[in-house]
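Trainee: Submitted below is the structure of interest, expressed as structure tokens.
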Amino acid sequence: MKFLLEKGGSVEIVLVSNNIHPTEKGRELLDFLKEKELFKGKFNEVYSDISPKGENIILLGLGDEEELTLDSLRKAFYKVAKELKKYKIDSVGVTIPKFKDLCYKSTVTAITEGFLQSEYSFDKYLSDKKDKSSLEEVYFDVLEEKKEKALEAIKEAEILSEAIFLTRDLVNERPMYMYPEVLANAAKENLEELGIKVDIYDKKAIEELGMKAFLAVAEGSSKEPRFFVMTYNGDPDSKEKIALVGKGLTYDSGGYAIKPGDSMDTMFTDMAGSATVIGALRAIAKAKIKKNVVGIVAACENLISGSAYKNGDIVGSMSGKTIEVLNTDAEGRLTLADALWYAAKEVKADKIIDLATLTGACIVALGNLTAGAITNDEDLMNEVKKASELAGEYVWQLPSYPEYKELIKGDFGDLKNTGGRGAGTITAGLFLEEFVDKTPWVHLDIAGTAYGDKAKGYLPKGATGTHVKTLYYLVKNM
Ligand code: BES
Ligand code: MN
Ligand code: ZN
């Protein structure tokens, strides 16, 4: 899909809202449709007049201009792009006005994102590919004095969409093909060409690092674990570093606390945190953001075998703290314990963000729409909230009162890896906090947001790539 800043296209999109009056071209049709109550200009309403004798226009309702947001623009233009594909239209034009409360540049980014989102599919295993008809050219008629900004906006939307698609592809890939070594190599393949250094540690090197908690989880699989560190030095003059840590379970069977089959069939997505970090790093490097960022992933599989760890084990960790494994299915926090300690003590990061498909409890609390957050630093939390608003990706902070910590205190080891029935997302988050050594830190539980069992807005069924943009804006605006 190519974007051009001029008038053009075989079909024109005519925007209709309470304050925007369509061009001459759509006027007559709109009056007719309004009288017949066939089209009212409500948000996300689409009416196509495409036929040999038609006007070749698509009316797009935007509703009340006052209520328009960047995310509603993404959704509306995604819908139009899908409609155009249905009609096998290969070029389209739209005049982009200045909407009342929205920044013009962000408006162009959001509209471009909406178009680009229509391009994604994961159909590599389908013999009969879905219709591949494509929209080749999109013409934007933009305000003359904003042409420069519009070009930057398009470029940014292209970078973000490509990164999101990378994250989706990694998450959607099936576990027989996507295991720790493959994930680490995928990071190398997609990041090194942009000047990001990717260091990969094999099992022996992980043992030398002393990552006992991580290794305990990896023990049940015949596929070796990998620990990998992705270093982007966008600002060589600064010593400041932010670490992005992603959960990298390429499969989570639950281990001896084995999951029922119908909870296990999507557990190849348990590396979504790491895929989000990889996607975000790709976007950050491609946009040449002047910040230093270190991505960290402890990748393994949680399986059963004669050597797997067991419910009741007490394992060590890189930090020296010991952990009672009450449940082998609470494995993510064990792998993250060592990855976070590495971020705090080896990388000496100034700030840490971790993303993890960590708890089913988070889906119970917030559904598939919103990620749950736990923090030890309100300022950093506020930065994450701002970034997520820009991105149109929801984040909700959960309480972390010290009393909750009582629930994960160990009896025979320093900590327990589960905190009982209630507050599962909070106790999981607070367990992680034990390993950041007071570094400002935000944890995002993306168990619900990383994967959808049906398509929603511009998000496809399957991996969503949600929170790649949040990380990008967070780093960019820091
Ligand atoms: N990977 C799962 C969490 C998950 C569940 C992600 C559903 C996406 C969808 C995690 O490792 C897990 O199994 N958590 C347990 C923790 C419990 C044993 C304390 C859970 O949520 O049941
Ligand atoms: Mn688990
Ligand atoms: Zn898991």
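Trainee: Search the structure for amide H atoms under 5 Å from the amide H of Asn56, placed 1.01 Å from N in the peptide plane, and list their residues when 5 or more places away or on another chain.
Mentor: Ser51
Trainee: Kindly put Ile352, Ile154, Ile96, Ile20 in sequence by how many other C-beta atoms sit within 10 Å of each C-beta, fewest to most.
Mentor: The fewest-first ordering by Cβ neighbours comes to Ile20, Ile96, Ile154, Ile352.
Trainee: Given the C-alpha centroids of the stretch 387-429 and the stretch 302-369, what is the distance between them in whole angstrom?
Mentor: 12
Trainee: Roughly how many Å is it from the Cα centre of the stretch 158-186 to that of the stretch 87-118, as a whole number?
Mentor: So the two Cα centres are separated by 27 Å.
Trainee: Taking Cα pairs under 8 Å and at least six residues apart, what relative contact order does the stretch 206-272 come out at, in percent?
Mentor: 27
Trainee: Okay, next question. Return the percentage of antiparallel bridges among DSSP beta bridges fully within the chain, rounded to the nearest 5 %.
Mentor: 40
Trainee: Once you have a ≥ b ≥ c as the square roots of the Cα gyration tensor eigenvalues for the stretch 408-450, tell me rounded if a/c is under 1.5, and otherwise prolate or oblate according to whether a/b is larger than b/c.
Mentor: Oblate.
Trainee: Something else: Using the 10 angstrom Cβ neighbour count as an exposure proxy, how do Arg74, Arg174 rank, fewest first?
Mentor: Arg174, Arg74
Trainee: Between Ala455 and Asp64, what is the label-to-label distance in nm when each label sits 7 Å out along the Cα-to-Cβ direction?
Mentor: Taking the simple label geometry, Ala455 and Asp64 are separated by 2.9 nm.
Trainee: With N residues in the stretch 235-285, what two-decimal value do you get for its Cα radius of gyration over 2.2 N^0.38 Å?
Mentor: Expressed relative to 2.2 N^0.38 Å, the Cα Rg reads 1.63.
Trainee: Which order, highest average first, do 443-452, 373-382, 279-288 follow once you tally other Cβ atoms within 10 Å for each residue and take the mean per peptide?
Mentor: Highest mean packing first, the order is 443-452, 279-288, 373-382.
Trainee: How do Ile200, Ile314 rank when sorted from fewest to most other Cβ atoms within 10 Å of their own Cβ?
Mentor: Final ranking by Cβ density, sparse to dense: Ile314, Ile200.
Trainee: What shape does the stretch 325-478 take by its C-alpha gyration tensor, where a ≥ b ≥ c are the square roots of the eigenvalues and a/c under 1.5 counts as rounded, a/b above b/c as prolate, and the rest as oblate?
Mentor: Taking the square roots of the gyration eigenvalues as a ≥ b ≥ c, the stretch 325-478 is oblate.
Trainee: Applying the Karplus parametrisation 6.51 cos²θ - 1.76 cosθ + 1.60 with θ = phi - 60° to the phi angles of the stretch 200-215, what ³J(HN,Hα) value in whole Hz is obtained for each residue in order, glycine and proline being reported as x?
Mentor: Here the 3J(HN,Hα) series is 10, 9, 8, 4, 5, 5, 5, 4, 5, 6, x, 7, 6, 5, 4, 5 Hz.
Trainee: Shape call for the chain from the C-alpha gyration tensor, a ≥ b ≥ c root eigenvalues: rounded (a/c under 1.5), prolate (a/b greater than b/c) or oblate?
Mentor: prolate
Trainee: Apply the Karplus parameterisation 6.51 cos²θ - 1.76 cosθ + 1.60, with θ equal to phi minus 60°, to every residue of the stretch 49-66 and state each ³J(HN,Hα) to the nearest whole Hz, in sequence, with x for glycine and proline.
Mentor: Per-residue couplings from phi come out as 10, 10, 6, x, 9, x, 7, 6, 10, 10, 8, 10, x, 10, x, 7, 4, 4 Hz.
Trainee: How many angstrom separate the Cα center of the stretch 119-153 from the Cα center of the stretch 194-233?
Mentor: What the calculation gives is 37 Å, centre to centre.
Trainee: Given H placed on each backbone N at 1.01 Å, which residues far from Glu45 in sequence or on other chains put an amide H within less than 5 Å of it?
Mentor: Gly61
Trainee: Filter the cross-link list Lys212/Lys247; Lys124/Lys197; Lys147/Lys385; Lys147/Lys197 down to pairs whose alpha-carbon distance in this structure exceeds 26 Å.
Mentor: Violating the 26 Å Cα-Cα cut-off are Lys124/Lys197; Lys147/Lys385; Lys147/Lys197.
Trainee: For Gly220, which sequence-distant residues (separation of 5 or more, or a different chain) have an amide H within less than 5 Å of its own amide H, given hydrogens modelled in the peptide plane?
Mentor: Leu303, Tyr309
Computed from the coordinates by the stated procedures, all read-outs in this text should not be read as laboratory data. Not measured: the values here are computed from a predicted model. Every residue, glycine as well, gets a Cβ built from its backbone with ideal geometry; the counts of neighbours run over all protein chains shown.
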